Amino acid sequence: MSDEKFISLPSWIQLIKLRGSYGTVGNDKIGGQRWLYITEFTPGGTAMGTYQFGVSPQSVAGYNESRVGNKFVTWEKSAKGNVGFDLSLFKDNAVQFTFDYFWEKRNNILTTPGDVPDYVGITNVAPRNSGKVENKGIEAELRFNKRINKDLSIFANLQMTYARNKVLENDEPIPAFDYQDLRGYEIGYVLGYKSAGLFQDEEDIRNSPTQSFGTVVPGDIKYVDTNKDGVIDAFDRVPIKVNNVPRSMSGLSLGVTYKNFDFSMLMNASTGGTAYLYTYPSSKINLERWTAENKNARIPAAHSTTNNTVVTDHFVQNTDYIKLRNVEIGYTLPKKFLSSLRISTARIYLNGQNLAVWDKMWLKDRDPESAGGAALAYPLQRVFNIGIHVEL
């Protein structure tokens, strides 16, 4: 727009550019299953009945459908688009700003059929193109680069991405309770039990709804009776987000150069993520389990029971974080000092990586960026380097 003759702009606006795109693409990445349109048959085994053949009759197992083919299977399709603009301001484009709004709607996603009733008698149906998911979000970047004078220059770069997705169709039967419908939620939600803390004593157990996961003792997880029927069972499950996919990611880099000295740093942050965390056997957090003397514990009592292993938000943690990724200080040696050594440039530097992490997790034995699951990922390492860079 800034190049159009019919648009008059102030001198401090160097560039305005509008962008937009729209298109439809296909996806044939369907995982390990192939030939979904073919109905497969396998021997049923003696348990399915046998037939007698031959002069000396021998039992021969019959065949049955092991998978009913889907002759209508097709590609997953995605309609996507974005609109945005670029803006440059002031002399030498000192300030630059980029913004994009994007959207995507996927349909024909291969999903496991969930709404085929049992009375049809089909136990294994090939995946169908029934899934639909939409995704929307924004991306923005603000850059500043300015030489103040011959000795001082500074730069800064701020980036941010925010995205939300929503499951529109998932080929699941309509649940008995509306609160168990996963449509309308983000990818990564599953049905699980909402925790009400830990049982504190036998009286607490007697005064609470009956939990149908075996015998419970003080220190076991107590669940919310969602439908208020006095029994904790599958009908009390609610949507729980268990995967560590943040909604927002951002980063900030800063730097300054003064004469021969330079300084730079890099930070990044993440919000809107959760992870389902377990305590691995050798974790010291196991020493902080619930006991009669430690009733404010977060970890259930050392009691082997199914009650404490069902999917629950008790083990879901917020993985929001801010990280100080890198800081570096350097000094470039004066050329008059290097000329006698026949060295073009030489710079001494000191830097540190993974210097600090601020997060909301109460389980501090893992990196919030790679949290989740029972296995403990390799721990994040803080690293310091000192060196000299020489060019002849």
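We did not get these values from a lab; they are worked out from the coordinates using the rules stated. It should be emphasised that the depicted structure is a prediction, and the values quoted were computed from it without experimental measurement. For neighbour counting, all protein chains shown are included, and Cβ atoms are generated from backbone atoms with ideal geometry for every residue, glycine included.
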Listed residues TYR101, TYR22, TYR223, most fluctuating in the chain (Gaussian network, C-alpha, under 10 Å): TYR22
³J(HN,Hα) computed for each position of segment 312-321 - Karplus, 6.51 cos²θ - 1.76 cosθ + 1.60, integer Hz, glycine/proline x: 8, 6, 4, 9, 8, 10, 6, 9, 4, 7
Under 5 Å, built H, 5+ apart or other chain: amide partners of TYR223: ALA196
Exposed-site-free run, longest, the chain (rule: GluC sites (Glu not before Pro); DSSP loop; at most 12 other C-beta within 10 Å): 5-292
CD proxy at 222 nm, helix term only [per DSSP H run n ≥ 4: -39500 (n - 2.57); per residue of the chain; nearest 500]: -500 deg cm²/dmol
Student exercise, the chain dipole from Lys, Arg, Asp, Glu Cβ charges, in Debye to nearest 20: 2040 debye
Residues ASP115, ASP28 arranged by fewest to most Cβ contacts within 10 Å: ASP28, ASP115
Exposure proxy order (Cβ contacts within 10 Å, fewest to most) of HIS389, HIS303: HIS389, HIS303
Top of VAL190, VAL231, VAL167 by mean-square fluctuation, Gaussian network on the chain, Cα under 10 Å: VAL231
Interchain or long-range residues, amide H under 5 Å from ALA275's placed H: GLN317, THR319
Segment 114-131 - phi-based ³J(HN,Hα) in whole Hz, Karplus 6.51/-1.76/1.60, Gly and Pro as x: x, 10, 8, x, 4, 5, 5, x, 9, 9, 9, 10, 4, x, 10, 7, 10, x
Max mean-square fluctuation residue, GNM over the chain, Cα-Cα springs under 10 Å, options GLY114, GLY54, GLY330: GLY54
Distance histogram for the chain (every C-alpha pair counted, 10 angstrom bins, percent rounded to whole numbers): 4, 13, 18, 20, 18, 13, 8, 4, 1, 1, 0
Cα-based equivalent ellipsoid, segment 96-202: semi-axes from gyration tensor eigenvalues, Å: 47, 24, 10
Selected from TYR179, ASN165, ASN124, residue furthest toward positive end of dipole (the chain; charges at beta carbon): ASN165
Cα-projected label distance for TYR119 with PHE85, points at 7 Å along beta-carbon direction, nm: 6.0 nm
Label point distance in nm, TYR258-TYR51, each placed 7 Å from Cα along Cα→Cβ: 9.2 nm
HN-Hα J in Hz across segment 378-387 - Karplus 6.51, -1.76, 1.60, θ = phi - 60°, x for Gly and Pro: 4, x, 5, 10, 8, 10, 10, 10, 9, x
Estimated dipole of segment 42-132 in Debye, rounded to 20 [Cβ of Lys and Arg +1, of Asp and Glu -1, Cα centre]: 180 debye
Residues with amide H under 5 Å from that of SER66, placed H, sequence gap 5 or more: GLU40, PHE41, THR42
